[in-house]
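The values are calculated or read from the model by the stated rules, or taken from the named source; none is laboratory data. Everything numeric in this text was worked out from a predicted model, so none of it was measured. Here Cβ is always computed from backbone atoms with ideal geometry, including for glycine, and neighbour counts include all displayed protein chains.
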Amino acid sequence: MLLFALRRLLLSIPLLVGITFVSFLVISLAPGGPLDFLTPEDPNASAEVKQRLIQEFGLDQPIYVQYGRWLGRVVRLDFGRTFLPDGKPVLTKIGERLPITLLMNVAEMLIILGFAVPIGVLSATRQYSLYDKVTTIFVFVGFATPDFWLGLLLMFLFGVQLGWLPISGLRSLNWEYLPLWQQQWDFVSHLILPIAVATFGGLAGFSRYMRQSMLEVIRQDYVQTARAKGLSERAVIGKHALRNALLPVMTILGLSLPGLIGGSVIIETIFAIPGMGQLMVQSVFSRDYPVVMGNLVIVASLTLVANLIADIGYGLVDPRIRLGGRRRSR
Amino acid sequence: MPDKHSRGEVRQFWQTFSGNQLAVGGSVVVGALVILAVLAPLLAPWDPSRLDTTRILAPPSNSHWLGTDQLGRDVLSRVLYGARISLAVGFVSVGIATLIGVLLGSAAGYHGGMVDTVIMRLVDLMLVFPRFFLLLAVLALLKPSIWTIMTIIGLTGWMGVARLVRAEFLTLREREFVIWSESIGAGTLRVVFRHILPNALAPVLVAMTLGIPAAILTESGLSFLGLGVQPPYATWGNILNDGKDVLEIAWWMTLYPGLAILITVLSYNLMGEGIRDALDPRLRVARVGRIIRLGR
């Protein structure tokens, strides 16, 4: 098992290098280089900033030298400083934003799994029932609903019309004056709408997939065997079938992570949550390249790590994967 | 495709497909949307960029069925014109993605070995980037025009197709008709394009049908952020962007463009799933592609 984990770890090193390469490539894509955008009217384009840019990216050097130098600093997690007047290191900026994005994504993942598994299992065991049909409709509509639109509608309904939930930021204005338990609730209540919106689309996908996976598993011989030896239906479905049906779903969990994290961009923008997604949008608008690049590298690396964890977890529960040594078949 | 499949297969496909009410319904709506988009200049009751300062944020009425926006422009006409942009972005970007995916996927599947390894690592690498972050990084540098948007959505969306095509090639490469044509001296290009590729098209077709709604969602998301197709073009995403600031007083600007996106994406998905089911059992692989799409 340790060997398997180690091999997966080694395999992800080239990917990590690739991430930095693609991120670097993106920034060098701009016709004329990133300096071209800093026109004289641009308030960011003081001579000092230009000088810093030239130094940071080594724009007077050949491109592979530039990449090498940049990589050398990125390895030490030095992404340079933001162009904004405060001039903070990029890593500090990202560090301020990362926890809330991580918290939300982990919460979304758990909620999706917590709901999708029972929904999918029930659909599969009652295939073609009314319940199955209703969930199928929900799945298709869920797939098709733009998250930003759903976010706006829910804001309007629960925030504006009913006034039940706060619609932006993480804390109310009077947060400081609230007693501790109310502070906790205040924070949680700010997260309810964004997390609900982010969960919606993923929930549809996962419950569909869970249903399919379950439908395939209940037709297997070992499920029949379990029934034949007189186990209760509960044990057959809940233990023998469910465990096997969960395996492919775990793979999908890993595959859909980038999508979930990418969704943070829109959710955080709508609900004014100071996370990585909002930071990305803000720095794109202000053309704050060091932050954009740092953000891209960090987000992709996080996805890689999450995929790695999913892979190793998969190897833990399914010996076929780790003994075969091959990546899951596609 | 028809000339490579026996007539019976086509008929069987049609029978299964037409028996699926949801898929047929979806296709009808897709067809209607295309017609609406093409005929938008004839159908739109107003010029979509005509300003009318006397009717700012007017609620839906007889003259403006879906109301007007902050500049007094007719929302219905803008939604109709938005359909043109959305569908165009969907078609073109999926076209680009399919082209890249087919080329790289067939190269990987046919050659195997080092070529395969390199291309598949590249696919893995591209999939590690959350798409929205990658798109935004590119948009920080390029001026967002409709062509930029189409291109970069295409350039970040080919990985599923590449995997599908590669998987098809891996099995088809070993089939008798391919080995025979190679043994009588058919060139690589001929084998790939005449013999293998036509047989791998079915899953690609499904991936394309399901890729269009995904691209539409992506485009509208970018336009909603203000980083997609720019004014004066009306797109569903940028109408929603205008609408979000006045949500409390002009719900119609948010409700209707969003519904347009939902209906479009829903119909394409229903149609795509219908095609996939009708092409089954050849299409196990397509499922993986569909799930990758799940993350948008």
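Some notes on this structure:
- Segment B:74-117: number of residues that are crowded, with 24+ Cβ neighbours inside 10 Å and among the basic types (Lys, Arg): 1
- Residues (more than 9 Å from chain B (Cβ to nearest Cβ), among the charged types (D, E, K, R) and in a helix (DSSP H, G or I)) located in segment A:126-160: A:Asp132, A:Lys133
- Residue identified as at pLDDT 75 or above and under 27 Å from B:Leu142 (Cβ atoms) among A:Val75, A:Val26: A:Val26
- Single unsatisfied condition, A:Glu216 versus (1) among the charged types (D, E, K, R); (2) within 14 Å of chain B (Cβ to nearest Cβ); (3) without any contact (Cβ under 8 Å) to a residue 24 or more places away in the chain: (3)
- Every pair of residues 6+ apart whose Cβ atoms lie under 6 Å, when the first sits in segment B:246-261 and is within 8 Å of chain A (Cβ to nearest Cβ) while the second is in a helix (DSSP H, G or I) and polar (S, T, N, Q): B:Leu247/B:Thr254; B:Ile261/B:Ser220
- In segment B:103-126, the qualifying residues are those that are within 10 Å of another protein chain (Cβ to nearest Cβ) and of a type in the set (D, E, K, R), and the one that is farthest from A:Ser256 (Cα to Cα) is B:Arg121.
- Screening segment B:91-193 for helices (runs of 4 or more DSSP H) wholly inside it with 1 or more residues that are more than 26 Å from A:Asp311 (Cβ to Cβ) returns the ranges B:131-139, B:146-155, B:159-172, B:176-183.
- Among the residues of segment B:195-240, those identified as of a type in the set (Phe, Trp, Tyr) and within 12 Å of chain A (Cβ to nearest Cβ) are B:Phe224, B:Trp236.
- Residues in segment A:159-172 include none that are over 30 Å from A:Asn295 (Cα atoms), touching a helix residue (DSSP H, G or I) at 6+ places or on another chain (Cβ under 9 Å) and at pLDDT 90 or above.
- So B:Leu57, is it in contact (Cβ under 8 Å) with a residue 24 or more places away in the chain, surrounded by fewer than 20 Cβ atoms within 10 Å (Cβ to Cβ) and more than 30 Å from B:Val206 (Cβ to Cβ): yes
- Among the residues of segment B:221-241, those identified as touching a residue at least 40 places away in the same chain (Cβ under 8 Å) and not in a helix (DSSP H, G or I) are B:Leu227, B:Gly228, B:Val229, B:Gln230, B:Pro232, B:Tyr233, B:Ala234, B:Thr235.
- Residue in segment B:18-27 that is buried (at least 16 other Cβ atoms within 10 Å of the Cβ), over 27 Å from the mean Cα position of the chain (by Cα) and aliphatic (A, V, I, L, M) present: no
- Residue that is farthest from B:Leu259 (Cα to Cα) [pool: residues in segment A:132-166 that are aliphatic (A, V, I, L, M) and surrounded by fewer than 20 Cβ atoms within 10 Å (Cβ to Cβ)]: A:Leu165
- Residue list for segment A:270-288, restricted to those being farther than 24 Å from A:Leu150 by Cβ and either within 7 Å of another protein chain (Cβ to nearest Cβ) or of a type in the set (Gly, Ala, Ser) (or both): A:Ser283, A:Ser286, A:Arg287
Quick grid of which residues meet (1) closer than 23 Å to A:Ser23 by Cα; (2) without any contact (Cβ under 8 Å) to a residue 24 or more places away in the chain; (3) not in a loop (DSSP other than H, G, I, E, B):
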position	(1), (2), (3)
A:Leu231	no, yes, no
A:Ala245	no, no, yes
A:Ile261	yes, no, yes
A:Ala300	yes, no, yes
A:Leu308	yes, no, yes
A:Gly313	no, no, yes
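- Residue list for segment A:87-106, filter: of a type outside the set (Lys, Arg) and under 18 Å from B:Pro130 (Cα atoms): A:Ile94, A:Leu98, A:Pro99, A:Ile100, A:Thr101, A:Leu102, A:Leu103, A:Met104, A:Asn105, A:Val106
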